[in-house]
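Here the structure is laid out as structure tokens; the discussion comes afterwards.
The values are calculated or read from the model by the stated rules, or taken from the named source; none is laboratory data. Fair warning: this is a prediction, and the values are worked out from it, not measured in the lab. Backbone-built Cβ (ideal geometry, glycine too); neighbour counts: all protein chains shown.
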Amino acid sequence: MGEADGIVKTPEWAEPITGIPAETIRRLAIEFGSAKPAAIQGGYAPGRTAYGEQFHRAAYALAAITGNTGVVGGNSGASNGATGYMGIGGLPAGQNPIDSQVSAPLLADFLAKGKEGGYPADIKLIYSSGGDIFNQAPNAKKIADSLDNVEFIVGQDHFMTPTVRHADIVLPATTFWERNDIHLPWAGAGHYAIYMKQAIEPMYECRNDIDIFADLALRVGINGYNNQTEEEWLREFADGKIDDFDAFRENGVARLPEPEDAVAFAKQIRDPENHPFSTPTGKLELYSTMIADNPDPFGLGEISPIPTWVPHAEDNAAYPLRYCSSKSRARAHSVHGNQPKLARVDPDDVWINTQDAAARGIENGQQVKVFNEHGATLLPARVTDDVAPGIVTIKEGAWFTPDGEGVDTEGCANAITEDFSAPSGATTYNTNFVEVQPA
């Protein structure tokens, strides 16, 4: 109602911010508010912005105030739909003696500045296993440039990823084809487990990750790091959930018991006295009492107690195009980024609106340079009206491959993203500005 700032938040107020006509916003609000039940599926992308937590909090609040939380056919406003822990176990984790934390988007700045920048440590050794951090974290060039401060890097993987290329020692690990394992659907969204049968023996000098860790543990005087065989671990993971492990291994799949109630927060809504929410008040809070008591919970900026629109940077004179990244059909993040055949399924390019391309003398398919103060990347232009004027987008996951001047040559989306964290700690992949010019 505008009581805090004098600006009433009407559909007309939202139209220039969202690019959606006021009458469309009003129609959608009436439809969603009157449909019973209704489910709102909020994707991840809007949350990967400078104040992205506000989007997700607004989605949760909308589901709640329309009576759609905890009911069949509704949902909580979350992205994943029906999710839940299926009860299959995992390897136990030891106690970390260090309790300092740094927001993941700040990795480049952390490596570059260390204690002088107010961070809790100067990183001298990186052990990277099973993750392409130098490619998927923002501001890839800054990460690469900061590695002079790091004395030793171990890369444990089965491909020479952008991360492993920086390693002093490479430990070749097996793929999932070279070992047995148990696989669950994404975020537990399904009541089954898959037995991943080993297809081939480990190739060349590759070893399973746990065997590498166990041998290293012995060398530094840690005994008993791993006291079970692969099959013993898998049987322990499945214990209590899969009755016949031998049949599971033979058939390759096992149905798991459905949860008692697959509707999120159903117990809290139906029986709030005996099943309160895990909030200080025990209620589903639109106004967060925890954030009200501590408006800057992560030391990254204040968050309002209620979901609030916080204006992002509106423009940048030097780099006038807003830049965000999308998904590629050819890979999952950076996985398969080294597969040329898959790349032909969905070639890497930069989508640019017809008007913006014409103003810059850019033709469809032309090699262009996308750049800002953080870095630059080269790739073909896709001139299209399927992206809005003033917006450009690149598919994330292409492998960072800089030339002698530090310009990426493969269309790596994070060559031009800022290492900035939202107040919640979220990565701001979709709040960036760039310029595009013919290469």
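Remarks
- Number of residues in region 380-410 that are among the hydroxyl-bearing types (S, T, Y) and in a strand (DSSP E or B) equals 1.
- If the condition is being more than 24 Å from A167 (Cα to Cα) and of a type in the set (S, T, N, Q), then region 102-135 contributes no residue at all.
- Residue match in region 39-47 (condition: of a type in the set (G, A, S), over 23 Å from G301 (Cα atoms), touching a Gly at 6+ places or on another chain (Cβ under 9 Å) and modelled with pLDDT under 95): yes
- Here region 116-133 is the region considered, the condition is being loosely packed, with under 14 Cβ neighbours inside 10 Å and hydrophobic (A, V, I, L, M, F, W, C), and the residue that is nearest to R179 (Cα to Cα) is L125.
Residue by residue, here is whether (1) among the β-branched types (V, I, T); (2) modelled with pLDDT under 95 holds:
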residue: V310; (1), (2): yes, yes
residue: Y323; (1), (2): no, no
residue: Q339; (1), (2): no, yes
residue: N353; (1), (2): no, no
residue: R360; (1), (2): no, no
residue: H374; (1), (2): no, no
residue: L378; (1), (2): no, no
residue: D386; (1), (2): no, no
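- Of the helices (runs of 4 or more DSSP H) lying entirely inside region 264-350, those containing at least 2 residues that are not assigned by TED's automatic domain parsing to the domain that holds V434 span 266-270, 289-293.
- Here D109 does not qualify as assigned to a helix (DSSP H, G or I), of a type outside the set (A, V, I, L, M, F, W, C) and surrounded by fewer than 19 Cβ atoms within 10 Å (Cβ to Cβ).
- Selection count, region 201-219, where residues are of a type outside the set (D, E), under 15 Å from E230 (Cβ atoms) and over 29 Å from the mean Cα position of the chain (by Cα): 2
- Search result, residues across region 145-156 that are assigned to a strand (DSSP E or B) and either touching an Asp or Glu at 6+ places or on another chain (Cβ under 8 Å) or at pLDDT below 95 (or both): F152, I153, V154, Q156
- Of all residues in region 134-164, those satisfying the criterion of being loosely packed, with under 15 Cβ neighbours inside 10 Å and either more than 17 Å from M203 (Cβ to Cβ) or among the aromatic types (F, W, Y) (or both) are D148, N149, E151, F152.
- Boolean, D403 is within 16 Å of E373 (Cβ to Cβ) and in contact with a Ser or Thr (Cβ under 8 Å, 6 or more places away or on another chain): no
- Among the residues making up region 245-259, those that are of a type outside the set (A, V, I, L, M, F, W, C) and either part of a helix (DSSP H, G or I) or modelled with pLDDT of 95 or more (or both) are D246, R249, E250, N251, G252.
- Consider region 282-322 and keep the residues that are among the hydroxyl-bearing types (S, T, Y) and surrounded by fewer than 16 Cβ atoms within 10 Å (Cβ to Cβ). The one that is nearest to T18 (Cα to Cα) is T308.
- Some residue of region 357-369 being of a type outside the set (A, V, I, L, M, F, W, C) and over 21 Å from P320 (Cα atoms): yes
- The residue of region 122-136 that is nearest to L171 (Cα to Cα), among those that are of a type in the set (A, V, I, L, M) and at pLDDT 95 or above, is I126.
- Unmet criterion (only one of (1) within 25 Å of the chain's Cα centre (by Cα); (2) crowded, with 16+ Cβ neighbours inside 10 Å; (3) polar (S, T, N, Q)) for Q268: (1)
- Per-region count, region 166-204, residues surrounded by 15 or more Cβ atoms within 10 Å (Cβ to Cβ), small (G, A, S) and at pLDDT 95 or above: 2
- Selection within region 41-69 - within 26 Å of the chain's Cα centre (by Cα) and within 24 Å of P276 (Cβ to Cβ): E53, H56, R57, A58, A59, Y60, A61, L62, A63, A64, T69
- Residue within region 321-335 that is over 30 Å from K9 (Cβ atoms) and touching a Ser or Thr at 6+ places or on another chain (Cβ under 9 Å) present: yes
- The set of residues in region 18-35 that are loosely packed, with under 12 Cβ neighbours inside 10 Å and either in contact (Cβ under 8 Å) with a residue 40 or more places away in the chain or aliphatic (A, V, I, L, M) (or both) comprises G19, I30.
- Annotation for region 333-350: at least one member residue is among the β-branched types (V, I, T) and loosely packed, with under 15 Cβ neighbours inside 10 Å.
Each row is one residue, and each column tells you yes or no for (1) touching a Ser or Thr at 6+ places or on another chain (Cβ under 8 Å); (2) in contact (Cβ under 8 Å) with a residue 24 or more places away in the chain; (3) not assigned by TED's automatic domain parsing to the domain that holds A376.
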site: G89; (1), (2), (3): no, yes, yes
site: P97; (1), (2), (3): no, no, yes
site: A108; (1), (2), (3): yes, yes, yes
site: A112; (1), (2), (3): yes, yes, yes
site: G118; (1), (2), (3): no, no, yes
site: F134; (1), (2), (3): yes, yes, yes
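- Qualifying position, being in contact (Cβ under 8 Å) with a residue 60 or more places away in the chain, buried (at least 18 other Cβ atoms within 10 Å of the Cβ) and not assigned by TED's automatic domain parsing to the domain that holds S424, among A64, A45: A64
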